[in-house]
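The values are calculated or read from the model by the stated rules, or taken from the named source; none is laboratory data. Computed from a predicted model, the values in this text were never measured in an experiment. When we count neighbours, we look across all protein chains shown, and the Cβ atoms used for this are built from the backbone with ideal geometry, even at glycine.
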Amino acid sequence: MRAIVVGAGLAGLAAADALAAGGFEVTVFEARDRVGGRVWSRTLDDGSVVELGGEFVLPPDDVVRRTARRLGLPLYEKGTLYGDREPRPPVAREELLAGIARIGGARDGTIRSALEGLGLSPPVLEAIAARVEVSTGYPAHEQPASVLASSGAGFGRFPSHGVAGGNQRLALAFARHLRVELSAPVERVAWSDDGVHVRANGAEHEAEACVIAVPAYVELVFDPPLPERKRRALAAVRYGHAAKLFLPLAEPAEPSAVLSVPGRFWAYTQRGPDGSALPVLSAFAGSPLGVESLTPEAVRELRPDLTFADAEPVRSEWPEGAYSVRLLESPLDDEALAEPVGPLAFAGEHTAGEWHALMEGALRSGERAARDLI
């Protein structure tokens, strides 16, 4: 049995890996000249490894941990408290923690209206709203209150981890045992009950099954067109706005996490795999306001406690959108996004239900898509 996978991000590679283990002869086509998709690691001149894309492995991320173990990739604790960011302007910690403790039952309306209904003081309300907007990449007044319960928006002093040497090593380890065609964009997917014909990089390829593992904003031509239910679900997916900025430091700094409430970004330091502090400040912005606010000057102003090196900052952006987001006006249709169509299965973090927007969701969706075909 032959299978084609469109997309060599974590979702597509996880699907290809599972299909190969299930006896399929698999070919992966990737439009970029690298594997990993929105997981992309870079080594700076000082040797520090930074994540231009997906970064934090959170406590619930069981599939990421299992996959890393299976591929022989050690995880390490970054020291950065992903769920505990010091807001600036400052907010009394006791008051902030009391406010966070009250948001668990907020489910109705928007995030903004739910927070307003809790009677929080304006500084606490804005600090919590900023924290969620940074993580989701979208304004709080456009998201349902239920998002407050998602793991990616979680609060608390839980540890965060990463793959030693960079999270992209997950993709590289998958690809090492797969047939992956890079710089090979897929132009057309013809499908029927008998199989698929995929046109990629100017050539035709035939298989019995196919996994579509690209973001919903990637326009593929399907022949015949996908069913209306599937087309509507894909067209309704919206993506959060996000950017990252990395500023080298004159000397290493112990782990920290500071949130710019008005700027809608946070700036953090962390440790490397050997446990030593890294000489780099990372900053992540979410929502259109945050992406616009994220400048080297703004980051330095937020962190006057650090000494910056005389080196060029590194910026990373996703113009098409960073990861999927649930909105009141355009909710994710989890069932329709995940269900297969004939010989086609669908993967990608946007198809991962409650795990959407996470590396965990990408891996889970790939494994699920492979099960659909097997």
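Is it the case that some residue within segment 190-213 is more than 28 Å from residue 357 (Cα to Cα), among the basic types (Lys, Arg) and without any contact (Cβ under 8 Å) to a residue 60 or more places away in the chain? Steps first, answer last, please.
Residues of segment 190-213 more than 28 Å from residue 357 (Cα to Cα): 190-197, 199, 201-208.
Subsequent filtering for residues that are among the basic types (Lys, Arg) retains 199.
Pick out the ones that are also without any contact (Cβ under 8 Å) to a residue 60 or more places away in the chain and you get 199.
The answer is yes; a qualifying residue exists.
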Checklist entry - Within segment 230-244, can you find the residues that are of a type in the set (A, V, I, L, M, F, W, C), surrounded by fewer than 19 Cβ atoms within 10 Å (Cβ to Cβ) and assigned to a helix (DSSP H, G or I)? => result 235
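Check whether at least one residue in segment 260-273 is farther than 24 Å from residue 80 by Cβ and not aromatic (Phe, Trp, Tyr), and report yes or no.
Taking segment 260-273 first, the residues farther than 24 Å from residue 80 by Cβ are none.
No: zero hits.
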Next on the checklist: What pairs come out if I take residues in segment 237-263 that are more than 23 Å from residue 215 (Cα to Cα) and pair them with residues that are among the aromatic types (Phe, Trp, Tyr) and in a loop (DSSP other than H, G, I, E, B) whose C-beta lies under 9 Å away, six or more apart or interchain?
Outcome noted: 257/82
Item to check | strands (runs of 3 or more DSSP E) enclosed by segment 48-100 - at least 2 residues per element that are closer than 24 Å to residue 127 by Cα and at pLDDT 95 or above | outcome: 86-88
Item to check | Residues of segment 337-374 that turn out to be within 23 Å of residue 23 (Cβ to Cβ) and not in a helix (DSSP H, G or I), as a count | outcome: 9
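So, of the residues in segment 204-218 that are part of a strand (DSSP E or B) and either in contact with a His (Cβ under 9 Å, 6 or more places away or on another chain) or modelled with pLDDT under 95 (or both), which turns out to be surrounded by the fewest Cβ atoms within 10 Å (Cβ to Cβ)? Even if it seems obvious, please write down each step before you answer.
Pass one, segment 204-218, residues part of a strand (DSSP E or B): 204-207, 209-212.
Subset that is either in contact with a His (Cβ under 9 Å, 6 or more places away or on another chain) or modelled with pLDDT under 95 (or both): 204-207.
Details: 204: 10, 205: 18, 206: 12, 207: 19.
The residue in question is 204.
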Checklist entry - Is it the case that segment 352-371 has a residue that's in contact (Cβ under 8 Å) with a residue 24 or more places away in the chain, touching a strand residue (DSSP E or B) at 6+ places or on another chain (Cβ under 6 Å) and surrounded by fewer than 24 Cβ atoms within 10 Å (Cβ to Cβ)? => result no
Checklist entry - Say we look at segment 162-180 and pick out the residues that are crowded, with 23+ Cβ neighbours inside 10 Å and touching a Phe, Trp or Tyr at 6+ places or on another chain (Cβ under 7 Å); which of these is farthest from residue 285 (Cα to Cα)? => result 168
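Search segment 189-214 for residues being of a type in the set (A, V, I, L, M, F, W, C) and within 14 Å of residue 19 (Cβ to Cβ), and hand back the single one that is nearest to the chain's Cα centre (by Cα). Spell out the reasoning first.
Pass one, segment 189-214, residues of a type in the set (A, V, I, L, M, F, W, C): 189-191, 196, 198, 200, 203, 207, 209-214.
Of the ones still in play, those that are also within 14 Å of residue 19 (Cβ to Cβ) are 196, 207, 209-213.
Values: 196: 29, 207: 30, 209: 27, 210: 23, 211: 20, 212: 18, 213: 14 Å.
Here the answer is 213.
Out of curiosity, is residue 145 crowded, with 18+ Cβ neighbours inside 10 Å, in the same structural domain as residue 273 (by TED's automatic domain parsing) and free of Cβ contacts under 8 Å to residues at least 60 places away in the same chain?
When the stated conditions are applied, residue 145 passes them.
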